[in-house]
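First up is the structure itself, then whatever we jot down about it.
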């Protein structure tokens, strides 16, 4: 589902775009504005996927509003009666430039472009959030999400990565694993263990418990662990 705002100081233009948008199943008009400043204030309080935006408006133009939103991820489709702004508009990486009166076919073409951009942005965000490590397990290189790792344990010349579904035995050192795992999420608690901070269930008896498994915490690492967990 895509959310959108319609911003135009012309009532008929807003009504036309609203009627066209109502025919697109995955497009929801959250609000209509006759002022770019009002829309700007809305966007400070709520994330919106798409703007249908006029260019020539009093106080703040559509171009000025678009420039103010460059880093917030909102996709813009200009809808204007003037063709001469097209070059400047596309320099702002807008999805499309509709010249009034807007036909249903051109409207749908613009929405399709915006849909592809929005889907691409969401996919990029998903990849960013699902960070991972590649490990070589039984001659097969596998991808493990950081968010799935409970803890890692040194076992001689191997490191075991424990996840809820499976344990992976990897040839290597715990120090090497420590360098690969993000320090914001993982911490070493013993010469033989690195744990995921958000997977700790309890601290007890000189150690900690993750998914029912007791793991020792060495004195040398206890202060750092307590600090990271805000223990006092």
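The values are calculated or read from the model by the stated rules, or taken from the named source; none is laboratory data. Quantities reported herein were computed from a predicted structural model and do not represent experimental measurements. Quick reminder, even Gly has a Cβ in these numbers, built from the backbone with ideal geometry, and neighbours come from all protein chains shown.
Side notes on the structure shown:
- Any hit, segment 181-192, residues being exposed (fewer than 12 other Cβ atoms within 10 Å of the Cβ) and assigned to a helix (DSSP H, G or I): no
- Qualifying helices (runs of 4 or more DSSP H) (wholly inside segment 30-108; at least 1 residues being touching a helix residue (DSSP H, G or I) at 6+ places or on another chain (Cβ under 6 Å) and closer than 19 Å to residue 10 by Cα): 36-45, 62-68
- Enumeration of residues in segment 113-142 that are at pLDDT below 70 and assigned to a strand (DSSP E or B): 137
- Cβ-Cβ under 7 Å pairs, at least 6 apart or on other chains, segment 164-186 side farther than 19 Å from residue 211 by Cβ, far side part of a loop (DSSP other than H, G, I, E, B) and modelled with pLDDT of 90 or more: 174/192
- Among the residues listed as 46, 64, 56, the single one being assigned by TED's automatic domain parsing to the domain that holds residue 112 and within 26 Å of residue 105 (Cα to Cα): 56
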